[in-house]
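Before any comments, here is the structure.
The values are calculated or read from the model by the stated rules, or taken from the named source; none is laboratory data. In this text the structure is predicted, and so the values were computed from the model without any measurement. Cβ coordinates were reconstructed from backbone atoms using ideal geometry, including for glycine residues, and neighbour counts include every protein chain displayed. All accessible areas refer to the heavy atoms of the entire protein, side chains included, with ligands and DNA or RNA removed. Shrake-Rupley method; radii C 1.70, N 1.55, O 1.52, S 1.80 Å.
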Amino acid sequence: MSKIYDVIVLGAGPAGLTAGLYAGRSRLSTLIIEKGQDGGQIAITNEIENYPGQQLEGESGPSLIARMTEQAKKFGCERVSDTIKSVDFSGKTKKLVGTKGEYEARTVIIATGAHPRPIGCKNEEQFVGKGISFCATCDAAFFEDFEVYVVGGGDAAVEEAMYLTKFARKVTIIHRRNELRAAKSIQEKAFKNEKLHFMWDHVVEEVDGDGMLSKMIVKNTKTGELTTIEADEDDGIFGLFGFIGLLPNSELFQGIIDMENNYILTDDNMHTNIEGVFAAGDIRKKSLRQVVTAAADGAIAAMQAEKYIADLN
């Protein structure tokens, strides 16, 4: 590879595109590498309501990402569609090897994101964004006055279920065991919530519906008995939220970058333990994973990359 970029951004979700936008606007030669479609998780979100400055008449994940992509392009970001197979961050010039080529840069911003652990039921992929969600903060308002089910039993599942009770008329936690794994303090609040119900010793086996989720089959983990749950006739649909963990897309960096539970560790300025390598968005350990926080991470990472390059010179 003859060209050595100032910045290579891995991933074209909100964090990666924002990093590209800020780096390009700072007149840094910037390459964004994305193996799939732009947007990451937000690309499968039909409606967005909580991103500052969005179109009030209606905003989808794809429409927001399309504008972010154009902004990055406007400021000169180059683009490559490739899957990176290995990295070498040991020298001042960082090297990345993909299936289509090799790439070099003085800095790298990792924005490869994370993906929700699937619920693991039949037909699940068909109903993601059409009744199945993995983000209560993103999608709770769309199920106002509907029935909602939550899969999981840990802190996140119970906290998100309680959040959903602010919108849904009834929320039922489906848990494979007969007791929650969440902290006792969280459980105490949950059991006092009159809108929160529990389906113990069950897992979701299959989901179905005519375009939107309206039916599911659950199995008793102790007896094996199958039960069919259908949406209220007046509603026609119900919500199913999965909170059984996220899976960070960090396999490529195992043993190279410091991590905790497979999330990349950074300081407040997105620095990893390797000089010239930054991380932004859902890939890093953080308390809130939203489009707005991913964008903020990307902006900080790009500005820190610019500072790092300036110091090199």
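If you check Val207 against the conditions, is it open to solvent by less than 20 Å² (accessible area, probe 1.4 Å) and closer than 17 Å to Glu160 by Cβ? No: the conditions fail for Val207. Filtered by the rule that a residue be among the aliphatic types (A, V, I, L, M), open to solvent by 20 Å² or more (accessible area, probe 1.4 Å) and within 16 Å of the chain's Cα centre (by Cα), the stretch 248-292 gives Leu288, Val291, Val292. So, Thr107, is that one closer than 23 Å to Glu260 by Cα and at pLDDT 95 or above or not? Against the criterion (closer than 23 Å to Glu260 by Cα and at pLDDT 95 or above), Thr107 qualifies. Annotation: of all residues in the stretch 37-89 being assigned to a loop (DSSP other than H, G, I, E, B) and among the polar types (S, T, N, Q), the one that is surrounded by the most Cβ atoms within 10 Å (Cβ to Cβ) is Thr45. Within the stretch 287-310, is even one residue closer than 21 Å to Thr112 by Cβ, touching a strand residue (DSSP E or B) at 6+ places or on another chain (Cβ under 8 Å) and assigned to a loop (DSSP other than H, G, I, E, B)? Scanning the stretch 287-310, I find at least one residue that is closer than 21 Å to Thr112 by Cβ, touching a strand residue (DSSP E or B) at 6+ places or on another chain (Cβ under 8 Å) and assigned to a loop (DSSP other than H, G, I, E, B), so the answer is yes. In the stretch 1-36, of all residues being among the basic types (Lys, Arg) and modelled with pLDDT of 95 or more, the one that is least open to solvent (accessible area, probe 1.4 Å) corresponds to Arg25.
Scanning the stretch 120-153 for residues that are among the small types (Gly, Ala, Ser) and either part of a helix (DSSP H, G or I) or under 18 Å from the mean Cα position of the chain (by Cα) (or both) yields Gly120, Gly129, Gly131, Ser133, Ala136, Ala140, Ala141, Gly152.
Residue-level check: of (1) open to solvent by 50 Å² or more (accessible area, probe 1.4 Å); (2) touching a Phe, Trp or Tyr at 6+ places or on another chain (Cβ under 9 Å); (3) basic (Lys, Arg), Lys307 misses just (2). Quick check on Phe241: is it under 30 Å from Asn273 (Cβ atoms) and open to solvent by less than 20 Å² (accessible area, probe 1.4 Å)? Judged against the criteria, Phe241 is not a match. When restricted to residues that are under 19 Å from Ala302 (Cα atoms) and among the polar types (S, T, N, Q), the stretch 66-108 contains 4. Listed by position, the strands (runs of 3 or more DSSP E) contained in the stretch 157-268 that have at least 1 residues being touching a residue at least 40 places away in the same chain (Cβ under 8 Å), aliphatic (A, V, I, L, M) and within 30 Å of Ile109 (Cβ to Cβ) are 246-248.
Checking each residue in the stretch 90-129 for being buried (at least 17 other Cβ atoms within 10 Å of the Cβ), without any contact (Cβ under 8 Å) to a residue 12 or more places away in the chain and within 16 Å of Met216 (Cα to Cα) picks out no residue at all. Screening Gly76, Gly91, Gly98, Gly13 for residues that are at positive phi and not basic (Lys, Arg) leaves exactly one candidate, Gly76.
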